[in-house]
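**Student:** Provided herewith is a single structure, encoded as structure tokens, for subsequent inquiry.
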Amino acid sequence: VRYVAPTSVVEASELLASTEDARVFAGATDILPQAALGRHLPSLLVDLKRIPRLSSVEYNGSWIIGAATPVARIAENDRFRAHFLGLTEAMRLIGSDQIQSRASLGGNLCNASPAADSGPSLVANQARVVIAGLAGERTIPIEELVVGPGRTSLALGEFVVEFIVDTPPPQSGDAYLRFTPRTEMDIAVVGVAARMTVAESGECTKVSVVLGAVAPTTVSVDAASEIMLEKPLTDQVLDEMAQAAREACQPITDKRGTREYRIHLAGVLTRRAVRAATQRAVGA
Ligand SMILES: Cc1cc2nc3c(=O)[nH]c(=O)nc-3n(C[C@H](O)[C@H](O)[C@H](O)COP(=O)(O)OP(=O)(O)OC[C@H]3O[C@@H](n4cnc5c(N)ncnc54)[C@H](O)[C@@H]3O)c2cc1C
């Protein structure tokens, strides 16, 4: 295996295009354990961490997060955390402190596990993805990046440069909750992200609820707007949201939980995440 560490996006694109058997990486917290389990390591490994644009957290009215930036560094940014408490919670659930000091959002998304913790919150916050390749750069909505377990929409020779997340409107809040059988170092049986914007009158003006680990990719609960918009948060609204989340699920049964258990959890966590995001939106 040849290891290269380019210092520019163009150089990385050229290296990636030089052979079909090349792969980018950032923290290597997914690819190294997978290689240890016998998965093919490509003949060319392109380390993205030396490219300044990929290892940075910038704010210019929107947040621009380099795809190879360790999640611990993003979560340490006080201003970012204040805007996105839920997304920060999601990053803080990835493995341990040691894993978070290496793990990147680019790796978490492009590994394309249905249980990846950052996915639901990034979708709920309507993040965009900047992708580079030999032909230049393009930007897509985050929900178009992962297309199935272990599969992304990236073309051969392309990689993720950065994620862009717009500052939420005033009176907004987000939350991410997941269930794991163990308290730490386990992956989500179900994860739920909610993002809410609430008017002074207490009525919801914007809502997004996104489920993880209940389908091949993240699932947005489309009925959320109809159920919640222009209404205050009542028990009946929460019941309807929980029901809509259960109906949106298409989970499998595996060693972490049965299909029925995951559907039940999706309802429970949706209730709690929506309530938490709403409380944050109104500063309660
Ligand atoms: C002990 C342990 C616990 C873990 N716990 C969790 C957990 O709780 N929740 C969770 O979600 N994950 C967990 N993980 C998985 C892993 O840590 C995360 O998915 C992490 O975010 C991956 O980031 P990375 O930079 O290390 O990825 P890497 O291993 O560097 O890359 C992962 C994949 O993404 C591709 N890739 C990386 N960067 C890019 C890019 N910019 N553009 C295109 N492709 C790219 C690589 O080619 C590779 O296929 C855990 C892993 C370990 C070892």
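The values are calculated or read from the model by the stated rules, or taken from the named source; none is laboratory data. Values in this document were obtained by computation on a predicted structure and should not be read as measured data. Positions of Cβ are backbone-derived with ideal geometry, glycine not excepted, and every protein chain shown enters the neighbour counts. What goes into the accessible areas is simple: the full protein's heavy atoms, side chains included, and nothing from ligands, DNA or RNA. Shrake-Rupley method; radii C 1.70, N 1.55, O 1.52, S 1.80 Å.
**Student:** Carbon and sulfur: what percent of the chain's accessible surface (1.4 Å probe)?
**Tutor:** Carbon with sulfur: 52 percent of the solvent-accessible area.
**Student:** Name the residues whose placed amide hydrogens come within less than 5 Å of the amide hydrogen of Val190, ignoring near sequence neighbours (fewer than 5 apart) on the same chain.
**Tutor:** Phe179
**Student:** What full-extension length gain, to one decimal in nm, is calculated for Gln34 and Arg138 as 0.36 nm per residue of separation minus the Cα-Cα distance?
**Tutor:** So the chain would gain 34.5 nm between Gln34 and Arg138.
**Student:** Just by accessible area at a 1.4 angstrom probe, what is the order of Ile252, Ile142 from largest to smallest?
**Tutor:** My answer, sorted largest first, is Ile252, Ile142.
**Student:** 5 Å is the cut-off here: which amide hydrogens, built 1.01 Å from N in the peptide plane, fall below it relative to Val147, excluding neighbours closer than 5 in sequence?
**Tutor:** For Val147, whose amide H was placed from the backbone, the distant partners under 5 Å are Thr152, Ser153.
**Student:** Going by the alpha-carbon gyration tensor, a ≥ b ≥ c the square roots of its eigenvalues, is region 1-52 rounded (a/c under 1.5) or, if a/c is not under 1.5, prolate (a/b greater than b/c) versus oblate?
**Tutor:** Oblate, since a/c reaches 1.5 and b/c is not below a/b.
**Student:** Also: Would you mind working out the accessible area per residue for region 90-145, using a 1.4 Å probe, and quoting it in Å²?
**Tutor:** 37 Å²
**Student:** Just report the Cα centroid separation between region 126-191 and region 215-272, whole Å.
**Tutor:** If you average the Cα positions of each part, the centres end up 20 Å apart.
**Student:** Listed highest first by mean packing, meaning other Cβ atoms within 10 Å per residue, what order do 29-38, 171-180, 75-84 come in?
**Tutor:** 171-180, 75-84, 29-38
**Student:** From the phi angles alone, apply the Karplus equation (6.51, -1.76, 1.60; θ = phi - 60°) to region 206-211 and give each ³J(HN,Hα) in whole Hz, x where the residue is Gly or Pro.
**Tutor:** My calculation for region 206-211 gives 7, 8, 8, 10, 10, 9 Hz in order.
**Student:** Apply the a/c threshold of 1.5 to the C-alpha gyration tensor of region 165-284 and tell me whether it is rounded, prolate or oblate.
**Tutor:** Prolate, because a/c is 1.5 or more and a/b exceeds b/c.
**Student:** Could you list which residues have their amide H under 5 Å from that of Lys206, counting only those 5 or more apart in sequence or on another chain, with H placed in the peptide plane?
**Tutor:** Answer set, sorted by chain and number: Thr197.
**Student:** Looking at the square roots a ≥ b ≥ c of the eigenvalues of the Cα gyration tensor of the chain, which shape do they give, rounded for a/c under 1.5, prolate if a/b is larger than b/c, or oblate?
**Tutor:** prolate
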